[in-house]
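What follows is a short report on a single structure.
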Amino acid sequence: MDKTGTLTLNQMRVTHLAINNEICAVGEGTSLPNHFHELVEYSILASPTDPFDPMEKAMKDLGEHALNQTEHLHQDWLLIREYPLSDELLAMSRVWAAPDGSGYLIASKGAPEAMADLCHLSEAQHAEMELQIEVMANQGLRLIGVARAVFQPGNLPGEQHDFVFEFLGLLGLADPIRPEVPQAVAECYTAGVRVIMITGDYPGTAKNIARSIGLSYPEQTITGPELDRMSDEELQQRIRSVNVFARVVPEQKLRLVKALKANGEIVAMTGDGVNDAPALKSAHIGVAMGCRGTDVAREAASLVLLDDNFASIVQAVRLGRRIFDNLRKAMSFIVSVHIPIAGMSLLPVFLNWPLVLLPVHVVFLELIIDPACSVVFEAEKEELDVMHRPPRRVNAALFDRNTMLRSLTQGIFVLAAALGVFTIALPSGGDLVARAASFLTLVVGNLGLIFSSRTTSGSFLRAMKRPNPTLWWVCGGTSLLLVLSLTLPFLQNLFQFDLIPWSTAAIAVGAGLLAFLLMEVAKVVFFRTRVQKKAI
């Protein structure tokens, strides 16, 4: 996971300035000491005139507030040349010509270590800068160094190193954490998902952010230079316990993905730049940023986050688990509900009994099955413990042996109940009464299957805490049609039913409810025990 813009809001603000041994806190409504004006001035000159990057916008906002009505804002200067950021030097410089023709002024900004390199700082100056970096980074600030140089008009050199730069100081920028991220990280841990943060900031900044969002082992970090010195085998060993990577460049993401995959992990990697594309493609799930992501990153990714928010990934994990559960529940219901239908259609033929189910009965039952699978289970909310389970295995089947056994058991319970009612009602009521009674048992049992299938391990009472209005529409409509088919003469003739005595109807409903209770007992006692043993 990238830090900036994903774990944070990417809404930066300059909060601290550092010159020599002095660190100045910048607050709203406070005036800036005069000797800090030049630092802000050159940070603006080193940035685009109309910046898009949040960091450069923060510098411009500070300048417009702190340098207003001073000589340090230069709307009339002419830009001569720009030296862009490169992999070799994380700094950019802009050459300006003053209207008075006094010469060229060069403003440069970038990573503090790049500024130290450009300015050829002495050991004492470098140690002083490192001390300021440590103080400001431990406050979770992103740090930018600023320098200046002068050059006489003429042919400009080809590289930034050819200028004689003077180091001006450091800017510390705060990027607030997204308020929903700590809760999302905690939810990942309960769901068995590990979170690794990658940032280009200093280790102190990364540790501060890691502590704020609740990452495990925030004090353990690996930096980009350390990563370059590690062998693949050493990285595979270290990455098992390290969750914070600082001063990392995008190209190093691919090594991290490969190391995690070599350890048998399933990897989701976020990215937004062109250089992130190889890592996004290599990861099992590449996640590109929709707001600030490049077209190349979006094409290489499996998913695109429209809001660039880490919490949206956690919501996607929750949704994926819900979809998987609901597919499994629907398949389990399909298998269960067809066992009594097939059994009541075939067994009377083998046993030389009168036919129990006619085509019209099968059509009626299918009117329950199709809405239940396509509507009820699709609308089913996620179970309460959906984010408290470990991730399923990569090779886990959608319809495994345990699910098949549970489905067969539930179907057999309904079949046994329907057969039992038919054999009880046949001698006293005849074919039509027995058919009507067994059909009543089948429908009650099928409705019980819907309720029982809403949760795979716990009691149906736990599932009742999750609202599902579609369930009640299906059950209510089915019950109404069932009552009409058993009582209206026209429908009785269509279904070839006879009016059922109250005592027989009570036995039929009781048998269907008994089958439902047996399903619940078997699911809660036997199948939950199997799942627990399997997990152990």
TODO: Grab the other residues whose beta carbon is less than 13 angstrom from that of residue 413, score K and R as +1, D and E as -1, and report the net.
DONE: +1
Open item on the list: Longer than 21 Å from Cα to Cα, which of 329/523; 3/207; 3/381 are they? Say none if no pair is.
Closed with: 3/381
Open item on the list: To make sure I understand the rule: partners must be aspartates and glutamates, Cα under 18 Å from the Cα of residue 261, and not fewer than 8 residues away in the same chain. Which ones qualify?
Closed with: 232, 233, 234, 251, 276
Task: Reach of residue 57 by Cα under 16 Å, taken over lysines that are not fewer than 8 positions away in the same chain - done: 109
Open item on the list: What is the sum of charges, Lys and Arg at +1 and Asp and Glu at -1, for the other residues whose Cβ falls under 15 Å from the Cβ of residue 279?
Closed with: 0
- [ ] Putting +1 on Lys and Arg Cβ atoms and -1 on Asp and Glu Cβ atoms, find which of 312, 231, 196 reaches farthest to the positive end of the dipole of the range 181-312.
- [x] 231
Task: Relative contact order %, the range 384-463, counting alpha carbon pairs below 8 Å whose residues are six or more apart - done: 21
Task: 13 Å beta-carbon shell around residue 311, net charge (K/R +1, D/E -1) - done: -2
Task: Radius of gyration and maximum dimension Dmax of the range 13-174, Cα, Å - done: 15.0, 44
- [ ] Over the alpha-carbon set of the chain, work out the extent along each principal axis and list the three values in angstrom, largest first.
- [x] 115, 49, 38
Open item on the list: Please compute the Kirkwood hydrodynamic radius of the range 181-312 from all pairs of different C-alpha atoms, in Å with one decimal.
Closed with: 14.9
- [ ] With only Lys, Arg, Asp and Glu charged, each at its Cβ (+1 for the first two, -1 for the last two), find how big the charge dipole of the chain is about the Cα centre; round to the nearest 20 debye.
- [x] 3780
Task: Between the range 193-240 and the range 102-149, the alpha-carbon center distance in angstrom - done: 24
TODO: Choose one of 451, 79, 518: the residue whose Cα lies farthest towards the positive end of the charge dipole of the chain (beta-carbon charges +1 Lys, Arg; -1 Asp, Glu; about the Cα centre).
DONE: 518
- [ ] Treating only the Cβ atoms of Lys and Arg (+1) and Asp and Glu (-1) as charged, compute the dipole magnitude of the range 13-174 about its Cα centre; round to the nearest 20 debye.
- [x] 280
Task: the range 39-85: GluC sites (Glu not before Pro) in DSSP loop, at most 16 other beta carbons within 10 Å - done: 71
Task: Helix-derived mean residue ellipticity, 222 nm - over the chain, DSSP H n ≥ 4, -39500 (n - 2.57), to 500 - done: -16000 deg cm²/dmol
- [ ] Scan the chain and report its longest stretch carrying no trypsin sites (Lys or Arg not before Pro) that are both in a DSSP loop and have at most 16 other Cβ atoms within 10 Å.
- [x] 1-193
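Read-outs throughout are calculated quantities, based only on the coordinates presented, and are distinct from any laboratory measurement. None of the values given here were measured: they were computed from a predicted structure. All Cβ positions, even for glycine, are placed from backbone atoms using ideal geometry, and neighbour counts span all protein chains on display.
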